[in-house]
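The values are calculated or read from the model by the stated rules, or taken from the named source; none is laboratory data. Every value quoted in this text rests on a predicted model; they were computed, and no experiment measured them. Positions of Cβ are generated from backbone atoms using ideal geometry, with glycine treated the same way; all protein chains shown enter the neighbour counts.
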Amino acid sequence: MKQTVKLPSKIPVFPLSNFIIFPETTVPLNIFEPRYIQMIDDVMKHERIIGMVQPKEVNNKNPKLYDIGCAGKITSFHETEDGRYLIIINGVCRFKILNEPTTNKLYRECEVVYSDFHNDTKNQNEEIKFTDLELIFKNLKTLFNKQGYKINWKEIEKQSLDQTINTLSMASPFSLEEKQILLETIDLKDRKKKLEEILKTYIFDNYSNNTVQ
């Protein structure tokens with residue numbers, strides 16, 4: 001059952017390259033940079049919502065951002081003796097960035113809308129069966145083994161169908177652009193289709209890192 005969460009129209013954003021989250025997925029984060037320590041301090045006073053979004057550039061302190069990201073709620077917080085924050089974020093709903101106002105804060109904030117992804121917060125079952133994922137599982141296991149990735153497949157198989165597809169989209173060794181494509185898919189069927197297409201470029205094209213358009 002999806003819980004109702006208040007989603008602010010302006011949220012702090014945390015740009016992480018080659019990292020995406022989806023609604024109803026959970027990720028741990030280790031926060032140590034001063035700007036993001038300040039960000040967590042601020043959001044813990046309010047709705048505990050931050051936006052995870054991929055930068056379009058790497059090795060840039062203030063990179064351009066992709067338009068689409070995912071809002072997550074901090075559900076666990078722990079401060080270490082050396083001043084780091086260990087947090088757990090639960091994905092809530094994807095968003096589209098409208099603009100980025102100038103602020104005097106160390107971190108970045110964006111004005112966002114969630115209307116393009118309203119189904120993220122609805123309880124609904126899409127017509128996909130676990131048997132439909134057999135080829136995806138087979139190809140992913142081959143790819144993971146070739147690239148030395150380890151994953152607990154038994155734990156993944158215990159998840160709901162949408163959690164399974166989203167977890168595989170997040171954990172797979174794809175490029176930044178490919179992960180962004182998966183994030184921007186509107187529904188689960190489209191995400192499954194794109195996941196299959198991306199996998200084919202790795203399995204059948206000598207594991208070349210081609211981006212599906």
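Observations
- Test result for T26, within 22 Å of R191 (Cβ to Cβ), surrounded by fewer than 19 Cβ atoms within 10 Å (Cβ to Cβ) and either modelled with pLDDT under 95 or assigned by TED's automatic domain parsing to the domain that holds S175 (or both): yes
- Only one of the listed residues (E79, E47) is at negative phi, assigned by TED's automatic domain parsing to the domain that holds F95 and without any contact (Cβ under 8 Å) to a residue 40 or more places away in the chain. That residue is E79.
- Per-region count, the range 51-76, residues without any contact (Cβ under 8 Å) to a residue 40 or more places away in the chain, of a type outside the set (S, T, N, Q) and over 20 Å from L182 (Cα atoms): 2
- The set of residues from the range 41-69 being within 13 Å of V13 (Cβ to Cβ) and aliphatic (A, V, I, L, M) comprises V43, I49, I50, M52, V53, L65, I68.
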